[in-house]
Amino acid sequence: MENEQGATSNEQIIWGFQYFCDQCDGRLEVRPTQEAAKADCLTHRQQKHGGLIPANGDRIEYAAIGRRPTPTEGSSSGGCAAFVIVATIVIAIIAVVYVSRH
Ligand SMILES: [Zn+2]
């Protein structure tokens, strides 16, 4: 279930905050800021629970608002991985040379 929100290499997830009420088993709209989600929380408690905390609890969680393409070219992480591979090979060669000489 969590993996549905995994981003591909050329897009990034825009994260927001979402209010959940376990009493009503409901969730409200995802908000861009935690403050807005807290406002949803207070409004919901006022309207549905007489201003009280729901008996079954409520919470604010991270939630994906949407996705957008990565603005810069996505080669930086790939280049980093390539560097690690090259470095590993170089270290392996050095180790082989060292062992063969001793
Ligand atoms: Zn509720």
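Every read-out reported here was derived from the displayed coordinates using simple, explicitly stated rules and does not represent laboratory data. For clarity, every value in this text was computed on a predicted model and none was experimentally measured. Counting neighbours? That spans all protein chains shown, and the Cβs are built from the backbone with ideal geometry, glycine included.
Amide H of Arg67 versus every other amide H placed in the peptide plane: which residues, excluding those fewer than 5 positions away on the same chain, fall under 5 Å?
Hits under the 5 Å cutoff: Ile14.
What does the net charge come to around Lys48 if you take all other residues with beta carbon closer than 14 Å to its beta carbon, with K and R at +1 and D and E at -1?
Cβ neighbours under 14 Å give a net charge of -2.
Summing -39500 (n - 2.57) over the DSSP H runs of n ≥ 4 in the chain and dividing by its residue number, what mean residue ellipticity at 222 nm do you reach, to the nearest 500 deg cm²/dmol?
Working: 2 runs with 43 residues, N = 102.
Dividing the helical sum by the residues of the chain leaves -14500 deg cm²/dmol.
Residues with amide H under 5 Å of Gln23's amide H, sequence separation 5 or more or different chain, H placed in the peptide plane at 1.01 Å from N; which?
Sorted by chain and number, the residues that satisfy this are Asn56, Gly57.
When the Karplus curve 6.51 cos²θ - 1.76 cosθ + 1.60 is applied with θ = phi - 60°, which whole-Hz ³J(HN,Hα) does each residue of segment 22-27 get, with x for Gly and Pro?
Once θ is set to phi - 60°, the couplings for segment 22-27 become 6, 6, 8, 6, x, 9 Hz.
Once the other residues with Cβ under 14 Å from the Cβ of Phe20 are scored (Lys, Arg +1; Asp, Glu -1), what is the net sum?
Local charge sum for Phe20: 0.
Pick from Ile89, Ile53, Ile65: which is most flexible by mean-square fluctuation in a GNM of the chain where alpha carbon atoms under 10 Å apart are linked?
Ile89
Could you give P(r) for segment 2-71, binned at 10 Å from zero, as whole percent values over all Cα-Cα pairs?
Using 10 Å bins, I get a P(r) of 21, 42, 23, 11, 2 for segment 2-71.
Could you give the angle, 0 to 90 degrees to the nearest 10, between helix 75-101's Cα long axis and the longest principal axis of the Cα atoms of the chain?
The two axes meet at around 40 degrees.
Compute the long axis of helix 34-49 from its Cα atoms, compare it with the longest principal axis of the Cα atoms of the chain, and write down the angle in degrees, 0 to 90, nearest 10.
Taking the Cα atoms of the chain, the angle to 34-49 is about 30 degrees.
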